[in-house]
Every structure is written in structure tokens, then in C-alpha cells.
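The values are calculated or read from the model by the stated rules, or taken from the named source; none is laboratory data. Because the structure is predicted, anything quoted here is derived from the model rather than measured. Positions of Cβ are backbone-derived with ideal geometry, glycine not excepted, and every protein chain shown enters the neighbour counts.
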Amino acid sequence: MLPFSQYDAHGHLRHLITLEGMTSEQVRELLDRAQRYLRRPGEIPAHGRSLAGITVGNIFTEPSTRTRSSFELAAKRLGADVLNLEIQLSSRVKGETVLDTVYTLQAMAVDVFVIRDAEPGVCQYVAEHVAPHVSVLSAGEAHLSHPTQGLLDALTILQYKGGFRDLVVAVVGDVRHSRVARSAYQVFTALEVGELRIVAPDALMPDEGEMPEAKRFKTLESGIEHADVVMMLRIQKERMAQAAIPDAHDYFARWGLTKQKLKLARPEAIVMHPGPMNREIEIASEVADGPHSVIRQQVTNGVAVRMAVLETVIENRNRRWSPPR
Amino acid sequence: MLPFSQYDAHGHLRHLITLEGMTSEQVRELLDRAQRYLRRPGEIPAHGRSLAGITVGNIFTEPSTRTRSSFELAAKRLGADVLNLEIQLSSRVKGETVLDTVYTLQAMAVDVFVIRDAEPGVCQYVAEHVAPHVSVLSAGEAHLSHPTQGLLDALTILQYKGGFRDLVVAVVGDVRHSRVARSAYQVFTALEVGELRIVAPDALMPDEGEMPEAKRFKTLESGIEHADVVMMLRIQKERMAQAAIPDAHDYFARWGLTKQKLKLARPEAIVMHPGPMNREIEIASEVADGPHSVIRQQVTNGVAVRMAVLETVIENRNRRWSPPR
Amino acid sequence: MLPFSQYDAHGHLRHLITLEGMTSEQVRELLDRAQRYLRRPGEIPAHGRSLAGITVGNIFTEPSTRTRSSFELAAKRLGADVLNLEIQLSSRVKGETVLDTVYTLQAMAVDVFVIRDAEPGVCQYVAEHVAPHVSVLSAGEAHLSHPTQGLLDALTILQYKGGFRDLVVAVVGDVRHSRVARSAYQVFTALEVGELRIVAPDALMPDEGEMPEAKRFKTLESGIEHADVVMMLRIQKERMAQAAIPDAHDYFARWGLTKQKLKLARPEAIVMHPGPMNREIEIASEVADGPHSVIRQQVTNGVAVRMAVLETVIENRNRRWSPPR
């Protein structure tokens, strides 16, 4: 068996499990397409029929996440039928197997699986086993990968900064446990960001070998100095102890982004956050809601990116594959 | 900042949070439009495309209420995309803020929020903060307001009685804790109902100053005498004790509407109930299912009213507002 | 009152509660129509607009069953609006009555109810009380009936075997508690299957009088000998004790279908299972995933059968009934 690839035999995107190893061109093609789906606030959102007849199965372990809603709207706005399913694929390993669940849905003509699962490897495992006309899109996998988030982050930077090569981008907070940071690292290195920084207390830094192209900074202040882009990460309470930080108040004092600290960055710096935010813990409200924040635009871009990815994998499928006669 | 208004600068309905202060004309315009959406039972329900491209976000704290279904069908039948979300906005005040949740959905191009929340003020708070092209519709707010219920009640009376000015309307039961009763009071006073009565045991009467235009009656029998419309309210078990009524059996004996008691009302009186009914507690089955009952028609009218409200706020938005170029 | 019939006055299918008493012609008409909805894997699934304007209410007690998804996709692919509701009708007998819930949805113009409920009789009870233009489809009723499953099983046999009269069909496992087995028995006798066998340990056999036309076999080996079709049933752990089988391991040894045992059947035998499968309990993975298995095709056929049933009851309604003028 060939090693797993998310590209088909023609080199076209079939699954989206990770941004690792993507070329600049592959990323930019997706971003270009996504940009065509952007509308001004209050305009009727972009609609199409390119997914008419296609069924998208959203398999999420929780009922109403923002990512689920974003994928659901992206699919519906392109004319797909959407099936929302709350099942935990990983736990299904006991009992009905993951594959039984997936094959059952595939037999109902679910052609795209959007999967969020806490267990590493589930997305790839499903992708390795589905029929040739079926695609799997990760909607967040353990601490490892959140590829549509990485793409929407890149799209947001492109919108506000026009490019990547001259930028200093700082990713700040619990980098160690963050799938958002990993996908960001992958997409930013593909796009050859000028200087990529990871900024975290020691205990929340990734292991030594990981993210070799990023510069490491151990204080917020040093890490965001002269940055063009400051991407703050969500911190979970249980991680603070790990970093010997007694409480949220203390975390905010050391690692929370305030208006005052933001002055260390470039004057026209943008501030990003994947959401949901812990206000006054990793980010002050004055920053989240301030003029540097592009956090809402990230959400808007998320729908556009997911439309682009959905349309791309279906277009590629129609290129490589026609049903047997 | 201007005081909150659910009308836009041109005086057109933008949000629907309350019926308080609505004029007769404003109410009748909505009822007229709703009537155009009524079909005979078994006919294909009214359909349209006036909400095509619009996304309606249903934010309900419980999974499957009748009001949620009614709004969902109203939106879908006008061509909208519907996102069902089970989140409690009020509790989100801790953690992610209400506004973060709402702004996130707004950034995904959710243009109409339909909100049911147990905490007073959430609907207005959201309405005060959304973008100019976004509308908020209350689907029930604490004990305070249930405006689409009030409208459907008015529509039902209009259908069966042809008008309001000559009518005696009795609202019976736990008026004190009822958002249905408050919205009914508001819409019936706007429509200048001939005589409006609230009928309840002392402990379930609203405070002295409230509902000043209603006559108060302390027995079911006196309250429904010669009434043209008898609107029964749902009683919750925990409220009986408050009224010194030992149990459901006793409540029924004193406050339950039976066929026998209904003879006190006008011979052609109609009986209404917002549902879900406690049969043999506040209403006898012989009445609920009897010839005077218009309870099912209320449900049908609910969908029509919600279609009318949705279409109205989107029409008004298109009148006042075009996306920036 | 006439005894309940799922056929209308013209003898056309109105509800689908059971397959009992169906004629071969009635079954074949549904299978013929379903076949028109089959597509090759990866083809755009059959789509239509024959249910445009119709609202289908899925009333299921659990959130995400395969049957719910199958009905949902069937309805959406024919252009219906779908309302998913998680309510237990039977338990509603206390509190709001079953009929109040159903009448409320009917008043919102839900025209087809798809109901799965654990309590026997709920589907028929609802069907007896809905308005003349409304249909009720069972999606599984207690241990009694699962008619669309029976139809998809028949369709699957028709596809692979071309007919029924010369076949030996063995239904194996917990026949006693299985709605799948009962619907299979009904449809296979209607279609005059050559030889119909039920194969189970004594304690899991249906009562003496039941399934009179089936031959009874008390070992797996004897029961599947020379069979053309082997239909395995799901076993629940709590039933094993009832059959004096100590554990799943022991059940597999005696009642699990292995490749080795399958050699007793005809060389071109097909193996069916309604899903979800307990692998290595009632069926070995080598069989479930082997060349004789048609288990995935059953799932595909399920969507086609449900499209056929939905379209049939709506067509029949339009034939017999036009809204009052």
C-alpha cells in the first residue's frame, strides 16, 4: 500500500487532513478561491450550486461548535445537503467500528465527511478507507491539526497585509497543546512568512525538534516586539498549573495581551484569536474589541475557506473520477 | 446613545422584542401579511423565496420546542438557511460573553437571530449590539414577553371574530408568571379590545400597577361570563402552592375550564391556549377538543405570523440599508 | 369506526405501519419504484422535487440513528423540508398527550410523520388520529415492525437473486425480539419465498403460533445449509442469558457466522445484516467484509426504499384528496 496522501494520483487535493507539506501554490489556490466567496457585511452571502446533489456529513462530538456551524453554512450555501451527526468516532472503536459507521453513511451517498474528533489519527484512518469518490475534511484533530483554521488565518493575514514574506508573525500562548498553532506553523512556513515566532512559557512550548523554523521567545513582551501579526491562543485552566502559573489572574498579568503591551508590536499590527476567547485571561477586552483586532473577520473568512475547500475536493473528484458504467 | 427602539430610523420594524407600545396599524400590518400565508389544511403550505440567501440562527436553550419548530418552518418556507443552535446565552455571560457568541454568528452572515432565553433582557441586549443589517426576534423571554405568540393570538381572534372592539376577552390562570399573558395584554390593548379581563387567584395576579387597562376577576366563573374569547394559560405545579391550591385536582375544580363552566361565556365564544396543555388541570379535554376550541388554529397561525415577521424585518432592512460599496 | 387500515378507500397506501397482509403486487410496486432511485456508487444520488412543499417530521427518541439519517436524506433528496424532533411520544402520554404533540405539528403543516418509538402501538395510534391528508411511516416499532427495513431487505435479495420463489432464506439469531425478523417474515411470505427458515436457540424463537410458514431450525449449521440468503440478526447482551449462553464468546462459537460455517450455504449465498453489527459476536469480520456480504448495499437500498415510500404516500394523497375549497 502506498503511504497515505491527501492528494489524488494527479496531485489534486482529495482530503484535507493536515497542512503539513503543502506548497505555497497549493495554499494560494485555496485562498484565491476563498476570496471569491467574501462579501461585504450585510450583503447576501455568496451562494452557489456547485455542491448540488452532494451530501456532506458533519460528524462532531459536540452539538454546537462554531466550526460545525461554519462548515454547515459553507456546505448549504453551495447547495449541498447536510447531515449533522453527533457521534464520537474514536469511542466507537469498541462496539461498532469507526469504519462501520463511516461505510454506512457512505452507502447512503454521504460524499464528504467533515470530522472533529479528539483522538489523533481518526481523520486519516477514515480517509484511508473510504471509497475513491469520497473526501474527508478535518475539522480539528486532537492537538495536532486544524487545517481550515490555518487557511483562514492565512487568508486573514493576506487580506490585511497583502502578503507574507516581509512579516513578523508571533503565535502566543499554549503553543504546546494547540492544533491551531500547529496548522498555523505549517501554513506560515509554506507561505514563507518573514519571521515566525512562537511565544510561550517553557512548559507550554512544543518539544525541541518541533517547529524548527520558528524562533522561540519566552516572554510575551519580547515575542511580540515589532510583530506585524499577533496570534493569541486559547489557554485552558488545567494548563496553567503545568506552566507553574497559579491562576487566571496571574496568567493575564504575564501572558495576557493588553493595549499597553500591544504597543510593543508594529503600529499597524493585527491581532488574531481562533475563538472562543477567554477575555481578561489571554486577551484583554480592550484589545479583542479594539482597532487592531481582526477576530471577527477570521470567522467570516472561515466560511469562505470552507466553501473553497468543499468546492475544490468536489471539483477534483469530478476531474479524476467518473462513476463506473 | 439613543434609548433602545425595535424600530429603525424610518420607523419600520427592525427587531421584535416586545409588543409594548405597538400601534394598532403596526400590528395590523403584520396580521395582514400573515393572513396571506394561511392555507387550507392539507394544501401545500405557502412557500416563497423572499429570504433566499438569508441565514436565520435559532438560538434555543432546549432542543425541540414547538416554537423552535414553528420558526424553523417559517424560515425554511421562505427560502432561508436555518442554523439550529442549542446554547444558553445568559449563562454564557461567564466564559465567552453573549456578544462573542452573537458576533461570531454574525460574522458567518447570520442575519436574523431568533432567541429564546430564560434571562430577562438578553434579546434586547443582543439587539442593541448587532450590526445595522441584523435583526433579533424574541421567541420567548422569561415571564416578560412572547411577541409572536401575542400576534398569533390576535390573528386567531381576527379570523374567528372579524375584529376586536366589541369583544370581551378573558385571560385566565397564572397571569402573574406568564409571558403569553403579557404579550396578549399588549397586543389586545393596541387593538383596543372592547373589554380585557385578567382572571386569576390573588397570588397569581400581576402586581397592582401592571396591566392597568384590564379588569381583574378573582373567580373563573365571574371572569368568563359573557366572554367572547377565553384564553387559558398553562399552570406550573410549583405555582399552585403559591396560590394556596393543594394540588392539580383542586386547581382543576376551581380554575379548570369545563364544558359546564364554558356555558357562562357567550354561546359562540372561542377557547384558546398557547400550549402545551395540561389536560384536566387548566382545561378539560372536552373543551380542548370541543367545538369552541381554536387551539390548533393558533399553531397554524403561529407559522404564518413568524413568516410575516421574518419577511417584514428583511424587507425593512433592504429598504433602509444597502451594503457599503 | 372501521378497523384500522393503512390503505385509503381506494386501496392505495396511505400509512406504512406494517408489512403484514401486503400483497406481492403492493410490495413489488414499491420495490420497482425504489429501483429507479438507485445509482452507482459515487454518482450524484437520485434527486427530485416530488416532495417540494411537503414537510416531513422525523420523530425519533435518539438523536442520530442510521434510520433517521436514511429517512432524512430520502426526504431531502425529493425536495421536502425536514424537521428533526427528539421526543418520546410514548412517555408523553403523561403530561401532554401523544396526540397534542402530533396535532401541533400537523397544524404546522407537517404532512408526513416518520416515527420510531419503543412502545408498541404508537404508530398506529397516531395514524388513526391524524387528518385525512397526513401519513404516518413507522421507522421501527418495539419488537414488532420495521417495514422499510423489510422492504430494503427484499430489494436487496431482488437485486442479487432476481426473484424470490426458488430461494432458501434463513433468518438467524434473536428472532424472538426482532422487529427486523418480523418485517422480513411478512415481506418474504408476501413475495412467496421458496423456503423461509428461522434459526435460533429455543429461548430466542418466537412463540409457537407466530410465523407459521417458516421452518424452525435450532442450530446455525442446520439452518443455513443450502441457503441462498443468510440474514443475521443483532444480538443484545441481555438476551444471551435468556438463552442460557454465558457470554459473547460463547454466542459467537455457537451462533456467530464465520467463513467456515458459511460454506454450508450455497456457494453464491448472500449475507445480510440490518446493522449495527456486533462483530465477532453474531458475525465474523471475515464474513461481514467478505465477498458474500451485501450489508452496505442494504444501507443504500434503504434510502431508495424510503424515497419510494415517501413519494408513494404523497402521490396517493394527491390522488384521493384535494384541499376543501
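Within segment A:1-11, being assigned to a loop (DSSP other than H, G, I, E, B) and surrounded by fewer than 17 Cβ atoms within 10 Å (Cβ to Cβ) holds for A:MET1, A:LEU2, A:PRO3, A:PHE4, A:SER5, A:ALA9, A:HIS10, A:GLY11.
Checked against the criterion of being at pLDDT below 95 and not in a helix (DSSP H, G or I), segment C:144-156 has no qualifying residue.
Criterion applied to B:ALA127, B:ALA131 was being touching a residue at least 12 places away in the same chain (Cβ under 8 Å) and in a helix (DSSP H, G or I), and the one residue passing it is B:ALA127.
Looking across segment C:238-264 at every residue that is closer than 28 Å to C:LEU158 by Cα and either without any contact (Cβ under 8 Å) to a residue 60 or more places away in the chain or acidic (Asp, Glu) (or both), the one that is nearest to the other protein chains (Cβ to nearest Cβ) is identified as C:GLY256. Scanning segment A:213-261 for residues that are on the phi > 0 side of the Ramachandran plot and buried (at least 21 other Cβ atoms within 10 Å of the Cβ) yields no hits at all.
Given the condition under 30 Å from C:THR61 (Cα atoms), over 22 Å from the mean Cα position of the chain (by Cα) and in the same structural domain as B:THR312 (by TED's automatic domain parsing), answer yes or no: does some residue in segment B:56-78 qualify?
No: zero hits.
If you take the residues in segment A:271-291 that are touching a residue at least 12 places away in the same chain (Cβ under 8 Å) and part of a strand (DSSP E or B), which one is surrounded by the fewest Cβ atoms within 10 Å (Cβ to Cβ)? Applying the filter and picking the extreme gives A:VAL271.
Highlighted here are the strands (runs of 3 or more DSSP E) found entirely within segment A:176-270 that include at least 2 residues which are under 26 Å from A:LEU31 (Cβ atoms): A:195-199, A:229-232.
Scanning segment B:293-325 for residues that are free of Cβ contacts under 8 Å to residues at least 12 places away in the same chain and either more than 19 Å from B:GLY79 (Cβ to Cβ) or at the interface with another protein chain (Cβ under 8 Å from one of its Cβ atoms) (or both) returns B:ARG296, B:SER322, B:PRO324, B:ARG325. Scanning segment C:71-94 for residues that are at pLDDT below 80, hydrophobic (A, V, I, L, M, F, W, C) and part of a loop (DSSP other than H, G, I, E, B) yields one hit, C:LEU89. Sort out which residues of segment A:17-76 are of a type in the set (D, E, K, R), within 9 Å of chain B (Cβ to nearest Cβ) and farther than 12 Å from A:VAL303 by Cβ, and write them in order of number. Residues satisfying the conditions are A:ARG40, A:GLU43.
Every condition in (1) crowded, with 24+ Cβ neighbours inside 10 Å; (2) within 22 Å of B:HIS15 (Cβ to Cβ); (3) away from chain A (no Cβ under 14 Å) is met by B:ILE157 except one, and the failing one is (2). Within segment C:155-182, restricting attention to residues that are touching a helix residue (DSSP H, G or I) at 6+ places or on another chain (Cβ under 9 Å) and of a type in the set (Lys, Arg), which residue is farthest from C:ASP207 (Cα to Cα)? Among them, the one singled out is C:ARG179. When segment C:20-70 is filtered for residues that are among the small types (Gly, Ala, Ser), assigned to a helix (DSSP H, G or I) and in contact with a Lys or Arg (Cβ under 7 Å, 6 or more places away or on another chain), only C:SER70 remains.
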